[in-house]
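The values are calculated or read from the model by the stated rules, or taken from the named source; none is laboratory data. These numbers were taken from a predicted model, which means no experiment stands behind them. Here Cβ is always computed from backbone atoms with ideal geometry, including for glycine, and neighbour counts include all displayed protein chains.
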Amino acid sequence: MSSASTAAYRIHEDARLDARNTFGIAATAPMLVEVKDSSALPELFGSTLFKRGMLRDAPVLVLGGGSNLLFAGDPQGAVLALTAQRIEIIEDDGETAIVRADAGVTWHDLVLWTLGHRLCGLENLALIPGTVGAAPIQNIGAYGVEVRDSIHAVEAFDRHAGAFVRLGNDACAFAYRDSLFKRDQEHYVVTAVEFALSRTPALTLDYSGIGEELQAMGITAPRASQVAEAVIRIRQRKLPDPIELGNAGSFFKNPMVAANVAEALLAEHPSMPVFRGADAGMRKLSAAWLIDQCGWKGFRDGDAGIAESHALVLVNHGKASGAQLLGLARRIAGSVHARFGVEIAPEPRIIGATW
Ligand code: EPU
């Protein structure tokens, strides 16, 4: 691997990505550019750097924490990693503060920073792996909260226009695990996110498990930081730590089906969890439950498997390739479809193959 650097970015050729994806899959990028200062992006995208040889026709991949990514093959184009780490309050009326964080900040560090400043809104999203820049792309969510609930604006480099833009929440087209940025990955590079956070807690405690956990902690009137603590405890119990067992969190999204489809399934399977959907005519089913019913929990084929503790988490027990993990995921989706007639689709981005 050779490298070259300027004050704003550093280039590595033939860069290993094994430690940059939480599945721990072996992969190599022809070029990795670590960008310390996002003001270098127009220069980088405008230069001939990404247009050399084999990089020419391949998409540029923007890498966050690598926690929502499956390398089924090597990326063919340049890989960008934004590393700026600033967090600051840019507006504050005493009740609501606007916190701006650079894309390179580790998500959980931001959550802790905001709680340390007595700002509420991100507590249910504690311990989600990944970076601030990745959070709006798939609209991360957990325990009854989605990040869109707190996003004030997203700052990005618009590759089509060659200019920086600032998109207000409404312009981001957020939906369940989806956004404008996810639908067109070649268009924007998220450089920073602004969050509107409150000094008056408006806690979301109704998601199953949180109330019980707080009770077990002996807390009756929780502060936001204690809700975060409860979420951390539940996540640590249910979700394998990627440092110990390679994984990308939930591998499948919870499927949305028409209300009448959900009702028919419920008549046959009365214990099936059903949640409200995006609108009145839709319902969200639990992919974990559907997979669990098909007997996959704890399954292992070589080094590719499903976690013992959660049916939604595909795991790499050591040296599984992306292709092996993808093969298992397809078998799982096939069995869910055969048994329930429901399509489940992956949540992580797959590089080098299509679902
Ligand atoms: N369930 C099973 N078997 C299992 C696990 C769960 O049958 O092995 C059933 C249970 O009935 C449970 C239901 O599935 O009530 C839901 O399970 P859980 O509360 O764990 O939530 P989830 O729908 O599986 C979603 C997110 C997670 C997030 C949790 C908690 C998606 C795809 N996943 O999981 O997000 O942490 O809710 O809010 O929406 C992620 O996106 O990577 C992620 C981990």
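Listing for the model above:
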| item | result |
| --- | --- |
| Scope the stretch 146-166; condition touching an Asp or Glu at 6+ places or on another chain (Cβ under 8 Å) and over 24 Å from ILE351 (Cβ atoms); matching residues | ILE151, HIS152, ALA153, GLU155, PHE164, VAL165, ARG166 |
| All positions within the stretch 77-95 that are out of contact with any Gly (no Cβ under 6 Å at 6 or more places or on another chain) and assigned to a strand (DSSP E or B) | VAL79, LEU80, ALA81, ILE87, GLU88, ILE89, ILE90, GLU91, ASP92 |
| The stretch 277-311, residues that are touching a residue at least 12 places away in the same chain (Cβ under 8 Å), more than 9 Å from the ligand (Cβ to nearest atom), closer than 16 Å to VAL261 by Cα and of a type in the set (D, E, K, R) | ARG283 |
| Yes/no for ASN260 being within 18 Å of the chain's Cα centre (by Cα) and at pLDDT 95 or above | no |
| Residue list for the stretch 127-146, filter: within 11 Å of the ligand (Cβ to nearest atom), among the hydrophobic types (A, V, I, L, M, F, W, C) and in contact with a strand residue (DSSP E or B) (Cβ under 8 Å, 6 or more places away or on another chain) | ILE128, ILE140 |
| Number of positions in the stretch 25-76 that are part of a strand (DSSP E or B) and surrounded by fewer than 18 Cβ atoms within 10 Å (Cβ to Cβ) | 1 |
| Neighbours by Cβ (under 7 Å, 6+ apart or cross-chain): first from the stretch 173-202, over 16 Å from SER150 (Cβ atoms); second modelled with pLDDT of 95 or more and β-branched (Val, Ile, Thr) | PHE181/ILE137; PHE181/VAL190; LYS182/ILE137; VAL189/VAL62 |
| Tally, over the stretch 113-124, of residues that are surrounded by 20 or more Cβ atoms within 10 Å (Cβ to Cβ) and assigned to a loop (DSSP other than H, G, I, E, B) | 3 |
| Failed item in (1) in the same structural domain as ASP102 (by TED's automatic domain parsing); (2) over 25 Å from ASP37 (Cβ atoms), with HIS160 passing the rest | (2) |
| Matching residues in the stretch 125-164 - criterion: being among the β-branched types (Val, Ile, Thr) and either within 13 Å of the chain's Cα centre (by Cα) or surrounded by 21 or more Cβ atoms within 10 Å (Cβ to Cβ) (or both) | ILE128, THR131, VAL132, ILE137, ILE140, VAL147, ILE151, VAL154 |
| Some residue of the stretch 313-334 being among the hydroxyl-bearing types (Ser, Thr, Tyr), more than 27 Å from THR28 (Cβ to Cβ) and either near the ligand (Cβ under 10 Å from one of its atoms) or in contact (Cβ under 8 Å) with a residue 60 or more places away in the chain (or both) | no |
| Qualifying residue in the stretch 221-233 (condition: outside the structural domain of GLU347 (by TED's automatic domain parsing) and modelled with pLDDT under 95) | yes |
| Residue satisfying condition, being crowded, with 20+ Cβ neighbours inside 10 Å and modelled with pLDDT of 95 or more, within set THR83, THR22 | THR22 |
| Condition broken by ILE98, with the remaining ones in (1) surrounded by fewer than 19 Cβ atoms within 10 Å (Cβ to Cβ); (2) modelled with pLDDT of 95 or more; (3) outside any strand (DSSP E or B) satisfied | (3) |
| Answer from TYR176, TYR207, TYR188 - the residue that is surrounded by 13 or more Cβ atoms within 10 Å (Cβ to Cβ), within 15 Å of the ligand (Cβ to nearest atom), on the phi < 0 side of the Ramachandran plot and in the same structural domain as ALA103 (by TED's automatic domain parsing) | TYR176 |
| Any hit, the stretch 241-254, residues being in a helix (DSSP H, G or I) and surrounded by 13 or more Cβ atoms within 10 Å (Cβ to Cβ) | no |
